[in-house]
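Peer 1: The structure under discussion is supplied below as structure tokens; questions concerning it will follow.
The values are calculated or read from the model by the stated rules, or taken from the named source; none is laboratory data. This is a predicted model, so every value here is computed, not measured. With ideal geometry, Cβ positions are generated from the backbone for all residues, glycine too; neighbour counts draw on all protein chains shown.
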Amino acid sequence: MLKAKREITLRKTFSAALLALAGMTLAMPSWAACYRIIAINNTPTSNYYTEAGRGTAAAWGGAGDTTGSAGTLPTVVNINNTTFQPNGTLIASGIVSFLQAGSATYTPDQILFRCTADEAGKLYEYYATNGDSANAGMYEVGSAYGLPESYRTYVNGMALRATNLVTGEYYSRYWKARPLTNLDTDSRGWILVKAKNFSDTKIELFRLTSANGPQTAAGIYPESQPATYIAFKSSTNAANLTVGADSAYNYNGWYDQWPGVSNLYNRIYTRRSATCSVTNVTPTVVFPRITVAELNSGVTRQMQITIQFSCQTGAPASTGVTAIASGVAANQTAMGILVQPANAAAAVAAGFGTAGSGVSYLLSDGYGTDPNIATGVGIQISRTNGTVINLLSTLSGSALGGNNAGWYPVLTDATAGSVVSGVTAYTKSLNATLKALPGKTVTAGKVSATAQVIIQVQ
């Protein structure tokens, strides 16, 4: 947030006669106050004391312009024409964990502020868009399309909407607040405001022609201004923030009292390429029953998955964007099978991660933790010629990762169908095989998992 100046909150000072007290130590100041914790302090009488076993402490820098995270947003976002992406189309979404939203990664138990006991009931998380930035939270452009609190970004045709995942409220240019409750304390009665007490943020990117930002070409997101801010308010920290105040003018406490930022700067690439979209996928695959003995002897069960999708192969569908290219290189369109985060983590823990960010098997929900789930068994996806493919574990950072990330050229093995107004319909088949995992002991139980077909410009 480029500010004309940094505001300074003046703390009241009191003039009083000094009273000499022998053999007496005051446990805490006689006024309400919160102190910013940036290092371990082992002195119990210090306002910055960090008691062993009550939390961690480390340096953190506050909400500077280039800090923060884009969270789990895809690394690459494609801005298409309004024929293929009508106004209001959700083109990407992700979650920014508060632990990733600072100048450095927080730990959940990290103490950010230490407050006197009389600050109880006065501590708040405030949140707003970057209201004084024309391309990061000043101009609301989505209400006319039924997408309230969607704001113009630097990228022409792309709007951003943020949601506080604790309150469920959208971020606005006008400050909103959430009381911080159920906070930990130390043995001296001080309140500890920790990273775990702040909210995660959902980010949605929409295709909107009303979002008339200046970047019309493809490229890395160049605007260093964060999209959203989380501020901490107490009697002495960002004390002049008020609910409903315009963040374009009221930025009291910026930047070191503001511990969280959502930021696209240098974190996503935008493309403007013709591409494809999924129209239908086999909704459910049910494998016939199989015994542990069969699995141990190498018997498998295989079912087919059919994927239908449409691609912009010519005019008028491809007007205004570069021609479609099937592949895994930059600006080419690829397809992958995305597994859920917990399933991917289980596969990696079992030794089935790839040399990149992908995994080689889809394991069941609850694998290794639920006693009712079969272990030593997984699902492998392959082309109809028998070539095994890897699976996507994430969309964040996986672009340009190729086969090791789980990406494959979208038109490989695809059969073309009808062409209407420059859009070609395609069908592709893959095989899903239930089998024993190499090197693992099979135990009886059920297998249940979900995956999603993803088509993305790289």
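Peer 1: Inside the range 301-333, can you point out the residues that are outside any strand (DSSP E or B) and of a type in the set (A, V, I, L, M)?
Peer 2: Result: Ala315, Ala317, Val321, Ala323, Ile324, Ala325, Val328, Ala329, Ala330.
Peer 1: Let me ask something additional. Mind checking whether some residue in the range 305-321 is in contact with a strand residue (DSSP E or B) (Cβ under 7 Å, 6 or more places away or on another chain), modelled with pLDDT of 95 or more and loosely packed, with under 14 Cβ neighbours inside 10 Å?
Peer 2: Checked the range 305-321: at least one residue is in contact with a strand residue (DSSP E or B) (Cβ under 7 Å, 6 or more places away or on another chain), modelled with pLDDT of 95 or more and loosely packed, with under 14 Cβ neighbours inside 10 Å.
Peer 1: Here's another thing I want to ask about it. When you scan the range 382-402, how many residues do you find that are surrounded by fewer than 24 Cβ atoms within 10 Å (Cβ to Cβ), over 21 Å from Cys311 (Cβ atoms) and within 27 Å of the chain's Cα centre (by Cα)?
Peer 2: The total comes to 4.
Peer 1: I would also like to ask the following. Residues of the range 384-407 being among the small types (Gly, Ala, Ser), part of a loop (DSSP other than H, G, I, E, B) and at pLDDT 95 or above, which ones?
Peer 2: Selection gives Gly386, Ser393, Gly401, Ala405, Gly406.
Peer 1: Go through the range 400-416 and count every residue that is touching a residue at least 60 places away in the same chain (Cβ under 8 Å) and either in contact with a helix residue (DSSP H, G or I) (Cβ under 9 Å, 6 or more places away or on another chain) or of a type in the set (Val, Ile, Thr) (or both).
Peer 2: 3
Peer 1: Within the set of pairs 6+ apart or on separate chains, which have a first residue in the range 137-154 that is without any contact (Cβ under 8 Å) to a residue 12 or more places away in the chain, a second that is charged (D, E, K, R), and C-beta atoms under 9 Å apart?
Peer 2: Pairs that qualify, where the first residue is without any contact (Cβ under 8 Å) to a residue 12 or more places away in the chain and the partner is charged (D, E, K, R), are Ser143/Glu149.
Peer 1: Restricting to the range 421-458, name every residue that is out of contact with any strand residue (DSSP E or B) (no Cβ under 9 Å at 6 or more places or on another chain) and at negative phi.
Peer 2: Pro438, Thr441, Ala444
Peer 1: Output the number of residues of the range 98-135 satisfying the condition of being in a loop (DSSP other than H, G, I, E, B) and either without any contact (Cβ under 8 Å) to a residue 40 or more places away in the chain or farther than 16 Å from Trp60 by Cα (or both).
Peer 2: Residues flagged as in a loop (DSSP other than H, G, I, E, B) and either without any contact (Cβ under 8 Å) to a residue 40 or more places away in the chain or farther than 16 Å from Trp60 by Cα (or both) within the range 98-135 amount to 12.
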